[in-house]
Amino acid sequence: MNYLRSRSLILGGLLCLLLPAATLAQGEPNLSKEEIKQFLLTADVVRSRHPSKGITETWRLTLSDGKLTHDASFQSLDAHGFSPQVPALKAPMNFVDSYKYNIAAYELAELLGVGDMIPVTVERKWQGKFGSLSWWVPAKMDEADRVKQKIEPPDAEAWGHQLSRILVFNQLVFDDDFNRTNLLIGEDWKLWRIDFSRAFRPPRELQNPAQLTRCDRRLLEHLKKLDAKEFEQRTKTYLDKWERQNVMARRDKLVAHFQKLIAAEGESKILY
């Protein structure tokens with residue numbers, strides 16, 4: 001669809017503008033996730049930049065608590081049925097583009113034990129608007145750049161494992177706007193998955209089960225044990241009843257999919 005291609009180009013342009021600055025970081029502070037959350041929630045905003053190219057209402061903020069200074073990404077867009085980036089005639093049915101999904105995705109990833117692949121994200125009010133505030137991760141490129149430049153990861157197996165986890169999670173949250181600019185690559189070849197503002201779509205079927213050939217053993221166990229009540233408690237502010245039920249239905253299909261593969265090919269070929 002044209003609007004998806006346009007959004008990919010917009011994101012790509014935004015990241016090209018911002019990533020060079022991120023690579024100047026001399027090292028990340030050694031903080032726990034809870035400490036990062038508290039910093040994001042309470043540190044003062046000392047600088048803000050609104051790129052000339054990029055997604056509406058997305059800002060790069062510099063925060064400081066007097067001891068630590070660090071950047072974060074703020075997004076306040078909460079559009080239902082229309083969006084500044086998507087012409088009404090091209091928007092899908094029940095279209096939503098919301099910062100709330102960024103927070104819901106992070107909370108769900110934490111429940112599934114894969115929160116380390118998404119930057120810590122909280123809800124915060126800035127300049128009179130509520131939005132998602134995500135820890136800024138230093139990255140040397142995004143996946144679109146890597147593919148374009150034909151750069152191979154140094155450890156193909158580890159890279160494949162990271163991609164597999166992300167593909168499984170993408171199916172769970174049904175992000176129909178996922179593209180290579182949503183994958184940031186750190187200096188240590190760690191993959192970060194960003195931007196879920198158009199995730200949690202209504203369909204309960206898997207998007208592309210043919211992509212799901214392998215799964216992290218611990219992730220599969222967490223999927224099996226995902227508790228609907230705990231999921232609701234963590235995300236009730238950001239997802240409605242039907243969105244949570246859709247996730248649980250896709251969870252069931254993911255578990256069934258991998259159990260079928262394991263039965264046919266053996267656990268050692270499917271799980272890692």
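Given the pairs K37/K190; K125/K253; K37/K148; K67/K224, which are separated by over 32 angstrom at their Cα positions? Pairs exceeding 32 Å: K125/K253; K37/K148; K67/K224. Accessible surface of segment 132-272, 1.4 Å probe: 51 percent of it comes from carbon and sulfur atoms. Protection proxy ranking for 229-238, 177-186, using the average of other Cβ atoms within 10 Å per residue and placing the highest first: 177-186, 229-238.
Straightening the chain between E265 and K148 buys 38.7 nm, computed as 0.36 nm per residue apart minus the Cα-Cα spacing. Here the 3J(HN,Hα) profile of segment 216-224, calculated from phi with Karplus coefficients 6.51, -1.76 and 1.60 at θ = phi - 60°, is 4, 4, 5, 5, 4, 5, 5, 4, 4 Hz, Gly and Pro shown as x.
The values are calculated or read from the model by the stated rules, or taken from the named source; none is laboratory data. Computed from a predicted structure; not experimentally measured. Cβ atoms come from the backbone with ideal geometry, glycine included; neighbour counts cover every protein chain shown. These area figures cover heavy atoms from the full protein model, side chains too; ligands, DNA and RNA do not enter into them. Shrake-Rupley method; radii C 1.70, N 1.55, O 1.52, S 1.80 Å.
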